[in-house]
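Student: Can you keep this structure in mind? I'll have questions shortly.
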Amino acid sequence: LHALGVAAGFQDEVLFTKLADALAGHRTDDAEIQAALGDACAYFARNDEAAAAYTHSLRAEDDPRVREQLGLALLRLNDPARAAGCFRHIVDSADAERLWMVYQLVVALQAQGMHAEALDTLNVVTAAFPPVAGVKDWQKLRKVSEKDAGR
């Protein structure tokens, strides 16, 4: 873990690659190592590897922070359909400080032309966070999806 932190801290992708190759293969059942590996992969924009590491981490131990990081990696990979489940706990727990991730999910759904899914997500968000309905940025998202979904 310390070595991964040093490699990322010094922006040494060569060192990181050596460490990642040594750790990824045989430590897939260690949630902490896989989460750190995912963080470092995300830092170096290795989003496929980050998603894989976060997935291994979550198989070993469920952690909302790791789930969020997996969701963000999937958004960077243009896979909002898979990312959607990663952010559900934000709405369920009414965590307004983390709502920006759900906003990014809606934007990504719209970019993929998934306006019905975007509207469903917006409906869930406004039910859990009624003040969101009056926020201009969220209203714009709704207008775009209503128009493009044919509603």
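Student: Please go through the range 61-78 and pick out each residue that is over 14 Å from Val107 (Cβ atoms) and out of contact with any Gly (no Cβ under 9 Å at 6 or more places or on another chain). Steps first, please.
Tutor: Initially, the range 61-78 is screened for residues over 14 Å from Val107 (Cβ atoms), giving 61-70, 73, 77.
Glu61, Asp62, Asp63, Pro64, Arg65, Glu68, Leu77 - these are the residues of the range 61-78 that are over 14 Å from Val107 (Cβ atoms) and out of contact with any Gly (no Cβ under 9 Å at 6 or more places or on another chain).
Student: Residue by residue through the range 129-151, note down the ones that are under 20 Å from the mean Cα position of the chain (by Cα), among the aliphatic types (A, V, I, L, M) and within 17 Å of Ile90 (Cα to Cα).
Tutor: Result: no residue meets the conditions.
Student: Go through the range 91-125 and give me each residue that's acidic (Asp, Glu) and farther than 17 Å from Lys143 by Cβ.
Tutor: Keep residues of the range 91-125 that are acidic (Asp, Glu), which gives 92, 95, 97, 117, 120.
The answer is Asp92, Asp95, Glu97.
Student: Just to confirm my filter: which helices (runs of 4 or more DSSP H) fall fully inside the range 9-118 and include at least 3 residues that are without any contact (Cβ under 8 Å) to a residue 12 or more places away in the chain and either surrounded by fewer than 16 Cβ atoms within 10 Å (Cβ to Cβ) or of a type in the set (Ser, Thr, Tyr) (or both)? Break it down into steps so the answer makes sense when it comes.
Tutor: Details: elements: 13-24, 31-43, 47-60, 64-76, 80-83, 88-92, 99-111.
Hits in the range 9-118: 13-24.
Student: What's the number of the condition Gly134 fails, among (1) closer than 30 Å to Gln34 by Cβ; (2) open to solvent by less than 60 Å² (accessible area, probe 1.4 Å); (3) without any contact (Cβ under 8 Å) to a residue 24 or more places away in the chain?
Tutor: Condition not satisfied by Gly134: (1).
The values are calculated or read from the model by the stated rules, or taken from the named source; none is laboratory data. None of the values given here were measured: they were computed from a predicted structure. Counting neighbours? That spans all protein chains shown, and the Cβs are built from the backbone with ideal geometry, glycine included. Accessible surface is based on the protein model in full, side chains and every heavy atom, while ligands, DNA and RNA are left aside. Shrake-Rupley method; radii C 1.70, N 1.55, O 1.52, S 1.80 Å.
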